[in-house]
Each structure stands twice: as C-alpha cells, then as structure tokens.
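The values are calculated or read from the model by the stated rules, or taken from the named source; none is laboratory data. This is a predicted model, so every value here is computed, not measured. Methodologically, a virtual Cβ is constructed for each residue, glycine included, from the backbone with ideal geometry; neighbour enumeration extends over all protein chains shown. All accessible areas refer to the heavy atoms of the entire protein, side chains included, with ligands and DNA or RNA removed. Shrake-Rupley method; radii C 1.70, N 1.55, O 1.52, S 1.80 Å.
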Amino acid sequence: QVQLQESGPGLGKPSETLSLTCTVSGGSISNYYWSWIRQPAGKGLEWIGRIHTTGSTNYSPSLKSRVTMSVDTSKNQFSLKLSSVTAADTAVYYCARMGPDDSRGFDAFDIWGQGTMVTVSS
Amino acid sequence: QSALTQPPSASGSPGQSVTISCTGTSSDVGGYNYVSWYQQQPGKAPKLMIYEVSKRPSGVPDRFSGSKSGNTASLTVSGLQTEDEADYYCSSYAGSNNFEFGGGTKLTVV
C-alpha cells in the first residue's frame with residue numbers, strides 16, 4: 001500500500017526558508033495531486049498547497065507569497081519550501097495524497113504521512 | 001480562525017449516536033459535494049473517514065456516515081465505541097483550487 005514519509009530539518013531560524021520533502025513508497029507518485037498540510041500544537045489543520053505530478057501547483061491564498069512546491073517523479077518525491085518563517089510557522093507538517101476518486105483531486109486527502117515537527121526559533 | 005465552523009466538543013455514551021456539524025458558506029460546503037471528514041487520534045496523523053459528503057473509504061466502519069444540507073455538512077457516528085474518542089475535522093473544496101478545514105471537534109465517549 002502507498003505510504004508517505006516526511007523528512008527535513010526539525011529546527012529553523014526566523015527569516016530562513018523551511019524545506020521539507022515527502023517520499024512516496026509502495027506506489028507511483030504519478031497522476032495524483034499531493035498536498036502539504038500543517039497543524040500547530042493543540043490547534044487545527046491548515047492546508048498549505050498542492051502539486052500535481054505534471055508540476056501544476058495551487059497554494060493557499062494566505063501563504064501563497066511564501067510557498068514553493070516542486071516534484072521529482074524519478075525519486076517519487078515532492079517538496080515544500082516556506083520562506084521568511086516566523087514562530088507562527090512552528091507546527092507539525094503533513095504531506096498527503098489527494099484522492100481517492102476524483103482525478104482533479106477535489107475529493108479528499110486520502111493518504112497521510114506521519115508528520116514531522118518543525119520548530120522556528122532563534 | 002478556521003473557515004469552516006465546527007463545535008469544539010461533542011459527547012455520547014457507548015452505543016449511542018452523535019452528530020458533528022460543519023458549517024460553511026455557499027462558496028465551499030454549500031457549493032460543492034466535496035466535503036470530507038477526518039479522525040485524528042492523539043499524536044497520530046488524520047485518517048480519512050468520509051469523502052464526497054457521504055462516501056466511506058474501504059475499511060471505515062459503516063457506523064460512520066456523512067450528509068449535507070445547504071451550507072452545513074454533518075458526520076454521524078452510530079453505535080459509539082470507546083475507540084471513536086478522537087478529534088474530528090471536516091474539510092471542503094472552496095473553489096479556485098483552494099481547500100479549507102474546520103477547527104475540529106473533540107469527541108468524548110463517556
């Protein structure tokens with residue numbers, strides 16, 4: 001079965017760029033949309049954005065100016081870069097597949113990684 | 001605050017039914033049949049329970065059901081079990097390739 005695993009530095013400094021990678025195993029990354037979602041401690045979920053394996057991206061309006069996503073189909077990986085981070089960006093970051101049925105990826109986040117904690121602190 | 005409104009908490013006794021609401025607008029919940037629900041146990045990633053308003057992924061018990069009326073979607077858990085105690089989040093497509101979540105509801109099985 002398809003599994004997702006997030007990786008990246010767990011600590012960053014204010015004003016720096018946060019970089020995370022999600023590795024997809026047990027299946028192909030192709031022909032799906034893949035999302036990043038975050039959750040501050042004790043709070044709710046926030047959609048950050050998504051990327052299709054064609055490279056097409058959509059970002060949350062509230063984060064659009066700071067977010068860049070990319071995909072490497074040869075490695076079955078996709079990545080997130082969040083620039084100019086502050087303490088407010090401290091959260092658990094999840095990657096997720098968008099599915100299971102709609103080819104436009106509108107239906108749901110059907111497979112999730114376990115999440116990776118990122119702390120922004122000087 | 002979250003774009004979709006959920007009650008902060010809900011509770012029920014084992015065997016009972018409980019319904020959690022998720023209220024949006026005609027631009028999200030009311031405008032599309034792309035509402036999904038997620039169960040999150042402490043320290044774990046969310047798990048998809050319902051998608052496209054009322055569809056259940058394989059492996060999700062039929063005690064979980066979803067519906068929608070106007071701008072409000074609902075998740076009903078019937079025959080409550082202790083293992084259903086968790087946080088539940090709704091999500092909706094909001095048009096223009098944008099997605100929203102609710103603030104979450106903590107379900108307690110007392």
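Annotations
- For the range A:65-74, the criterion of being at the interface with another protein chain (Cβ under 9 Å from one of its Cβ atoms) and either hydrophobic (A, V, I, L, M, F, W, C) or on the phi > 0 side of the Ramachandran plot (or both) is met by no residue.
- Of all residues in the range B:6-16 being among the small types (Gly, Ala, Ser) and within 20 Å of A:Lys43 (Cβ to Cβ), the one that is surrounded by the most Cβ atoms within 10 Å (Cβ to Cβ): B:Ala10
- Counting only residues that are charged (D, E, K, R) and surrounded by 17 or more Cβ atoms within 10 Å (Cβ to Cβ), the range A:44-65 holds 2 of them.
- Of all residues in the range A:72-95 being out of contact with any Leu (no Cβ under 9 Å at 6 or more places or on another chain) and within 20 Å of A:Ala108 (Cβ to Cβ), the one that is surrounded by the fewest Cβ atoms within 10 Å (Cβ to Cβ): A:Val92
- Any chance B:Leu107 is part of a strand (DSSP E or B), of a type outside the set (Phe, Trp, Tyr) and surrounded by 22 or more Cβ atoms within 10 Å (Cβ to Cβ): no
- Scan of the range A:94-114 for residues that are touching a residue at least 40 places away in the same chain (Cβ under 8 Å), touching an Asp or Glu at 6+ places or on another chain (Cβ under 8 Å) and more than 7 Å from chain B (Cβ to nearest Cβ), ordered by number: A:Cys95, A:Ala96, A:Arg97, A:Met98, A:Gly99
- Test for A:Met69: is it of a type outside the set (Phe, Trp, Tyr), open to solvent by 10 Å² or more (accessible area, probe 1.4 Å) and without any contact (Cβ under 8 Å) to a residue 40 or more places away in the chain: yes
- Complete set of residues in the range A:1-24 that are surrounded by 12 or more Cβ atoms within 10 Å (Cβ to Cβ), among the small types (Gly, Ala, Ser) and farther than 19 Å from B:Pro46 by Cα: A:Gly8, A:Gly12, A:Ser19
- Residues that are within 14 Å of another protein chain (Cβ to nearest Cβ) and either surrounded by fewer than 21 Cβ atoms within 10 Å (Cβ to Cβ) or in a strand (DSSP E or B) (or both), drawn from the range B:85-96: B:Ala86, B:Asp87, B:Tyr88, B:Tyr89, B:Cys90, B:Ser91, B:Ser92, B:Tyr93, B:Gly95, B:Ser96
- Residue match in the range B:54-65 (condition: over 15 Å from A:Ala108 (Cα atoms), more than 10 Å from chain A (Cβ to nearest Cβ) and assigned to a strand (DSSP E or B)): yes
- Test: residue in the range B:66-84 that is touching a strand residue (DSSP E or B) at 6+ places or on another chain (Cβ under 6 Å), crowded, with 20+ Cβ neighbours inside 10 Å and within 12 Å of chain A (Cβ to nearest Cβ): yes
- In the range A:96-122, residue surrounded by the most Cβ atoms within 10 Å (Cβ to Cβ) [restricted to those that are closer than 18 Å to B:Gln41 by Cβ and among the aromatic types (Phe, Trp, Tyr)]: A:Phe109
- Taking the criterion of being farther than 16 Å from B:Ser74 by Cα and either open to solvent by 80 Å² or more (accessible area, probe 1.4 Å) or not small (Gly, Ala, Ser) (or both), the residues of the range B:17-58 that qualify are B:Gln40, B:Gln41, B:Pro42, B:Gly43, B:Lys44, B:Pro46, B:Lys47, B:Pro57, B:Ser58.
- Of everything listed in (1) without any contact (Cβ under 8 Å) to a residue 60 or more places away in the chain; (2) in a loop (DSSP other than H, G, I, E, B); (3) more than 10 Å from every other protein chain (Cβ to nearest Cβ); (4) open to solvent by less than 60 Å² (accessible area, probe 1.4 Å), the single unmet condition for A:Ala41 is (4).
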